[in-house]
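Only one structure is covered here, and it is reproduced in the block below.
Here, each number is a calculation from the coordinates, and none is a lab measurement. Predicted model, so just to flag it, every value in this text is computed and none were measured. All Cβ positions, even for glycine, are placed from backbone atoms using ideal geometry, and neighbour counts span all protein chains on display.
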Amino acid sequence: MTGTESEEPQLRRAVCPGSYDPITNGHLDIIGRASKLYDEVYVTVMINKSKKGLFTVDERIDLIRQVTSEFGNVRVESFHGLLVDYCKQRDIPAIVKGLRAVSDFDYELQMAQMNNGLTGVETLFVPTNPTYSFLSSSLVKEVAAWGGDVSHLLPDAVFDALSRRLREQ
């Protein structure tokens, strides 16, 4: 390269995949932390046709967009297929995953090694804030369905949507 040519800087991109049914404060913490480390963060709702979600994929995307809008560098999409194919299509070299416990690590390490072996995509493990170490979407839905207060575990818009959905059932 000569001194007159300019090379565009490569944007640092990462993906935070999940089902996000619904997105919790734990998810939001990981996404927010990733948004400080990367220029672009793709929050990707992975579609599993064999799982019946409480919220549709479009509803999840809408809720995630609402609660991540403050970050400014977060894009929200859905994808059906292998995560590494999604990464390859968008030139995303890194996956960011939150780890709650050692049991998460056992499973996620195998996935990270498989993903790296398939396409060279790296996985960055971020330890969950201890405040959210027990938190999962499944647990939130179960507690809420039994009338437990989960308002402190979800962004306000998500708590409102969850309350409405459970009243409809």
Ascending count of other beta-carbon atoms within 10 Å, so fewest first, for 166, 154 = 166, 154
remark   = So the angle from the long Cα axis of helix 57-68 to the longest Cα principal axis of the chain, reported in degrees to the nearest 10, equals 70
note = Note, residue 97: beta-carbon cut-off 10 Å, +1 each Lys/Arg, -1 each Asp/Glu, net -2
key: For the chain, fraction of C-alpha pairs farther apart than 26 Å, in %   = 30
ask   = Among 148, 98, 18, whose mean-square fluctuation peaks in a Gaussian network model of the chain (Cα, cutoff 10 Å)?
value = 148
remark   = Hydrodynamic calc, the range 129-169: Kirkwood Rh from Cα pairs, then Stokes-Einstein at 37 °C with viscosity 0.692 mPa s, so D in µm² s⁻¹ is 311
request  = Kindly express, to the nearest 10 degrees and within the range 0 to 90, the angle between helix 25-37's C-alpha long axis and the longest C-alpha principal axis of the chain.
outcome  = 10
query = Over the Cα atoms of the range 1-95, Rg to Rh with Kirkwood Rh, two decimal places?
reply = 1.07
query = So, with +1 on the Cβ of K and R and -1 on the Cβ of D and E, and no other charges, what is the size of the charge dipole of the chain about its Cα centre, to the nearest 20 debye?
reply = 440
message = Less than 13 Å Cβ to Cβ from residue 27, Lys/Arg counted +1 and Asp/Glu -1: what total charge do the surrounding residues give?
response = +2
message = Between the range 119-168 and the range 79-111, how far is it from one alpha carbon centroid to the other, in angstrom?
response = 19
query = So what is the relative contact order of the range 18-152, in percent, for Cα pairs below 8 Å that sit 6 or more residues apart?
reply = 28
ask   = Which net charge results when you count Lys and Arg as +1 and Asp and Glu as -1 among the other residues whose beta-carbon is under 14 Å from that of residue 156?
value = -2
Overall dimensions of the range 99-169 as given by Cα atoms, namely Rg and Dmax in Å = 16.2, 45
